[in-house]
Amino acid sequence: MGTPPLLRTALSGTPVRAGPAPRPVLVPPAPPPPYHRTPPSPARTPPCPEAPADLPVLNPATEELLATVHAATPEEVDRAVRRATAAQHRWAALAPADRARLLRRFAAVVDTHVEELARLEVAEAGHTLGNARWEAGNVRELLEYAAGGVERLTGRQIPVAGGIDVTFLEPLGVVAVIAPWNFPLPIAGWGSAPALAAGNAVILKPAETTPLTALRLAELALEAGLPDGLFQVLPGTGPGAGEDLVRHPGVRKVVFTGSARTGKRVMALCAEQVKPVTLELGGKSPNLVFADADLAAAAASAPMSFLDNAGQDCCARTRVLVERPVYDEFLALVEPALRAVVVGDPADPGTQMGPLISARQRERVDSYVGPDLDVVRGNAPEGPGFWYPPTLVLGARPEDPVAVEEVFGPVAVVLPFDGEEEGVRLANATPYGLSGSVWTRDGARALRVARGIAAGNLSVNSHSSVRYQTPFGGYGESGLGRELGPDALAAFTETKNVFISTEG
């Protein structure tokens, strides 16, 4: 038996046999090319004439120019969608075992480049080296996990009268993944890995400030043997390439991670075509510390619960809620822990916190910390780089902007509360509901409070939020839908029901 042409090409000429004998393959009819469909209305407003054609990529720790990257034009977006549509149809026709094999090979290639990807992440995003190594490894793990689901993506047989009823999970087609600048590598993988595993093509639009790791990932996909056009990266601005992708009728689903304001815009644009969307948006996560908690452990862990990635994390525990009887004792423990956090060169393995992503972000963060607020600050380098010191705000009111809005920087408020009921009320006193922590030795209370907090991801005596094996997503303005976990592939499929009559 000859090797299927696509599979031979995908593996750079290395034959991979799908089985001992050829079998007929049931392939859904190809969808019409995207440019044959009626385009949505109204059309996107053309970009401003002064918008730059190239995107400057800066090192946030030094402010040095790393690269300039071409921003995709509307014509390039359209061509990419056409190529992805053609590649997806062939990809979906492959035997599931062969798709899984290619994704595992992609994971293996990523594994051999983890250090390279991590160093790129340090340079363009300012992540600490330890974090960046974990993030690059997480892409490998996501691909391996998704590959394991390819052959387990099954429908159901449903008992009905007069016949047999079965369901099929069929790929959507072309999926647009719009990734943020705060976690460029792992979040690119969150959407891309399960979408590919479910038989879709992916077009990834990285944030304009952090496109380098995504571009390198696309090169590694080709090196691993993924078909040309199946996984593409299109750098560009949000109003440019991002909106072009969202509006394109050939894109069948959008996965967006970013601000709540932009997420609402994406959702509105998808609604014009009744296009499914997954949104992972902002957060203002609580960290509840009860009087019966291991106070030393809670205080020691509190700083890095909101300083990881310089606080540019939707899951950051930026509202530290402490039961009043232990409030003063907690402050006495947490202040030295905050000042001990090492802020500096993210490429130094000893650094715990790096810079903010940009001067604009630093200005935004500082706007929340007015001179009238009582603050405790750690240390940060001076000179070039977008540095901001670790900051705890004391004495703020629960309704103050710094206590309610997402600052997205190394700033947290500490607020006292009286009793379980008030603690839960304060935890829910924002429009967000992404994550949170509960510190207590009382198991029953831990469950009551975790159930009472309106958030998608809770941890008890821990600040863990994300594991690729478990679902992740938020309540309220923190987003729509779930990513990761055992159901991740199904989110990139349509369910088709088929009834076969057995009567007559």
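Summary table
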quantity	calculated
Near pairs, Cβ below 6 angstrom, 6+ apart or cross-chain, from region 108-129 (free of Cβ contacts under 8 Å to residues at least 24 places away in the same chain) to any residue that is crowded, with 16+ Cβ neighbours inside 10 Å	ALA118/ALA132; ALA118/ARG133; ALA118/ALA136
Qualifying residues in region 326-347 (those that are more than 27 Å from the chain's Cα centre (by Cα) and in contact (Cβ under 8 Å) with a residue 40 or more places away in the chain) - the one surrounded by the fewest Cβ atoms within 10 Å (Cβ to Cβ)	ARG339
Yes/no for ALA455 being within 18 Å of the chain's Cα centre (by Cα), closer than 26 Å to PRO171 by Cβ, aliphatic (A, V, I, L, M) and crowded, with 22+ Cβ neighbours inside 10 Å	no
Matching option when the condition is in contact with a Cys (Cβ under 6 Å, 6 or more places away or on another chain) and hydroxyl-bearing (Ser, Thr, Tyr), among SER259, SER285	SER285
Residues of region 463-485 satisfying the condition of being open to solvent by 20 Å² or more (accessible area, probe 1.4 Å) and either over 16 Å from GLY191 (Cβ atoms) or among the polar types (S, T, N, Q) (or both)	HIS463, SER464, ARG467, GLN469, THR470, TYR475, GLY476, GLU477
Verdict on ASP111 being in contact with a Leu (Cβ under 7 Å, 6 or more places away or on another chain) and modelled with pLDDT of 95 or more	no
The lone exception for LYS264 - which of (1) in contact with a strand residue (DSSP E or B) (Cβ under 9 Å, 6 or more places away or on another chain); (2) more than 22 Å from VAL407 (Cβ to Cβ); (3) free of Cβ contacts under 8 Å to residues at least 60 places away in the same chain it fails	(2)
Positions within region 74-98 being within 13 Å of VAL150 (Cα to Cα) and polar (S, T, N, Q), in sequence order	none
Of all residues in region 137-151 being of a type outside the set (Val, Ile, Thr) and in contact (Cβ under 8 Å) with a residue 60 or more places away in the chain, the one that is nearest to GLU116 (Cα to Cα)	ASN138
Condition check for PHE306: in contact with a Lys or Arg (Cβ under 6 Å, 6 or more places away or on another chain), touching a residue at least 24 places away in the same chain (Cβ under 8 Å) and in a helix (DSSP H, G or I)	yes
Residue that is over 19 Å from PRO180 (Cα atoms) and touching a helix residue (DSSP H, G or I) at 6+ places or on another chain (Cβ under 7 Å), where the choices are ALA291, ALA297	ALA291
Unmet requirement for ARG319, which otherwise passes all of (1) charged (D, E, K, R); (2) open to solvent by 20 Å² or more (accessible area, probe 1.4 Å); (3) in contact with a strand residue (DSSP E or B) (Cβ under 7 Å, 6 or more places away or on another chain); (4) within 23 Å of GLY419 (Cβ to Cβ)	(2)
Conditions (1) in a strand (DSSP E or B); (2) of a type in the set (S, T, N, Q); (3) farther than 29 Å from GLU363 by Cα; number of the one not met by SER462	(1)
Residue that is closer than 18 Å to ALA299 by Cα and surrounded by fewer than 19 Cβ atoms within 10 Å (Cβ to Cβ), where the choices are VAL376, VAL438, VAL404	VAL376
Among (1) buried (at least 22 other Cβ atoms within 10 Å of the Cβ); (2) within 21 Å of CYS314 (Cβ to Cβ) - the single one ARG265 does not satisfy	(1)
Some residue of region 50-73 being within 30 Å of ARG247 (Cβ to Cβ), at pLDDT below 50, surrounded by fewer than 18 Cβ atoms within 10 Å (Cβ to Cβ) and not hydrophobic (A, V, I, L, M, F, W, C)	yes
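The values are calculated or read from the model by the stated rules, or taken from the named source; none is laboratory data. All values derive from a computational prediction rather than experimental measurement. Don't worry about glycine lacking a Cβ; one is built from the backbone with ideal geometry, like all the others, and counts go over all protein chains shown. Side chains are part of the model used for accessible areas, which takes the heavy atoms of the whole protein and leaves out ligands, DNA and RNA. Shrake-Rupley method; radii C 1.70, N 1.55, O 1.52, S 1.80 Å.
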